[in-house]
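What follows is a single structure, written as structure tokens, with notes after it.
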Amino acid sequence: MISIKGKKVFQYLSMMEVLDILIVGAGPIGLNCALEAKKNNLTYLIIEKGIIVNSLYNYPLYMRFFSTAEKLEIDEIPFISAAPKPGRQDALEYYQGIARQKNININLYEKVLNVSKNEAIFEIKTSKATYYAKNVIISTGFYDIPNLMNLPGENLPKVKHYYTEPYPYAKQKIVVVGSSNSSVDAALETYRKGAEVTMIVRHSEISKNVKYWVKPDIENRIAEGSITAYFNSEIIEIKEDSVIFKDENEQIHEIENDFVLAMTGYLPDFEFLKNSGIDLQGDCLNPIYHPETMETNIKNLYLAGVVCGGKDTHLWFIENSRIHAEMIIKNILQNR
């Protein structure tokens, strides 16, 4: 029986299906949580606002992972890739294939709006329905909210916070902001399709985290002058046909520009986490959770995957957060 104060609430919930687990997000780690729940005969449902592994679908078309295939595997299901480093399409085939083959319970194109708790039961309101569950796992990643520069002109149509492929930028004057993997990939690919590329980088060099087989390529293109790079620099304003920035000597420059690719990173949905009752701490807004169980400050509400890192989105990856599913399900079973 469900123990909840208030007779009307009790009678209403008694007629409803109360899931053992509701999982928010159908990324690789959300899928892994579902597989672990299924193995342990727990009732579950994934709610996903987009497609299966929605973030991966929105990656650049020709993106390759830093990791080898075996490090991206979930539930010990082999990830077969012809290339040493699997790409976006390989990952889509792998994870969506698992969802089909394992017949995972997923509702797609349904956005979770609110998670609240009444005594021992969570009420989860979505864009389509209301669900009830004893446990909730939030595995929403961080790819949906761009880390904005907050400067004049950032809302112009020419400014893109997502990059998919280089073809729209052929013969165009491109400014790429940043020096991470996404910035470097965008700069190299657009340059090779005929764009005039300028990189504006706040730091003194290309990021040390850039893929080791790509880093020499971008450094050589900069050294030979094929790609222009301004280090220790930042944009001040974006105009319809130009960009204004200051360099390391505080000198102001204005250059002609057609598009700005602002590869400034992405953030978790902090408002959703806060509205769910999860405490956030520090400058990086790190969500509170127990490192051995992944349980947050709200009992039976768990975090899984890269969402655990707050603003530090380089802390968690698929390969080092795969273990979250087993940790969470183990804790749920112990608390039954």
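The values are calculated or read from the model by the stated rules, or taken from the named source; none is laboratory data. These numbers come from a predicted model, not from an experiment. Backbone-built Cβ (ideal geometry, glycine too); neighbour counts: all protein chains shown. Protein only, heavy atoms only, side chains kept; ligands, DNA and RNA dropped before computing areas. Shrake-Rupley method; radii C 1.70, N 1.55, O 1.52, S 1.80 Å.
The set of residues in segment 64-80 being touching a Leu at 6+ places or on another chain (Cβ under 9 Å) and under 23 Å from Lys215 (Cβ atoms) consists of Phe65 alone.
Among the residues of segment 240-262, at least one is touching a Leu at 6+ places or on another chain (Cβ under 8 Å), open to solvent by 40 Å² or more (accessible area, probe 1.4 Å) and more than 30 Å from Leu333 (Cβ to Cβ). Annotation for segment 46-67: no member residue is more than 18 Å from the chain's Cα centre (by Cα) and modelled with pLDDT of 95 or more. Summed over segment 257-277, the residues that are farther than 21 Å from Glu196 by Cβ and over 18 Å from the mean Cα position of the chain (by Cα) give a count of 3. Comparison of Ile236, Ile288, Ile227 shows that the only residue that is crowded, with 20+ Cβ neighbours inside 10 Å and either outside the structural domain of Glu189 (by the TED database) or not small (Gly, Ala, Ser) (or both) is Ile227. Tallying residues that are touching a strand residue (DSSP E or B) at 6+ places or on another chain (Cβ under 7 Å) and not β-branched (Val, Ile, Thr) within segment 313-336 yields 1. Residues in segment 82-107 that are in contact with a strand residue (DSSP E or B) (Cβ under 8 Å, 6 or more places away or on another chain), under 24 Å from Thr164 (Cα atoms) and not charged (D, E, K, R) were compared, and the one that is surrounded by the fewest Cβ atoms within 10 Å (Cβ to Cβ) is Ala83.
Taking the criterion of being surrounded by fewer than 18 Cβ atoms within 10 Å (Cβ to Cβ) and in a loop (DSSP other than H, G, I, E, B), the residues of segment 129-148 that qualify are Ala129, Asp144, Asn147, Leu148. Determine whether Val210 is open to solvent by less than 10 Å² (accessible area, probe 1.4 Å) and modelled with pLDDT under 95. Against the criterion (open to solvent by less than 10 Å² (accessible area, probe 1.4 Å) and modelled with pLDDT under 95), Val210 qualifies. When segment 162-180 is limited to residues that are within 22 Å of Phe245 (Cβ to Cβ) and out of contact with any Ser or Thr (no Cβ under 7 Å at 6 or more places or on another chain), the one that is most open to solvent (accessible area, probe 1.4 Å) turns out to be Tyr162.
Note on segment 135-184: residues that are under 22 Å from the mean Cα position of the chain (by Cα) and of a type in the set (D, E, K, R) total 4.
From the list Arg202, Arg221, the lone residue that is buried (at least 18 other Cβ atoms within 10 Å of the Cβ) and among the basic types (Lys, Arg) is Arg221.
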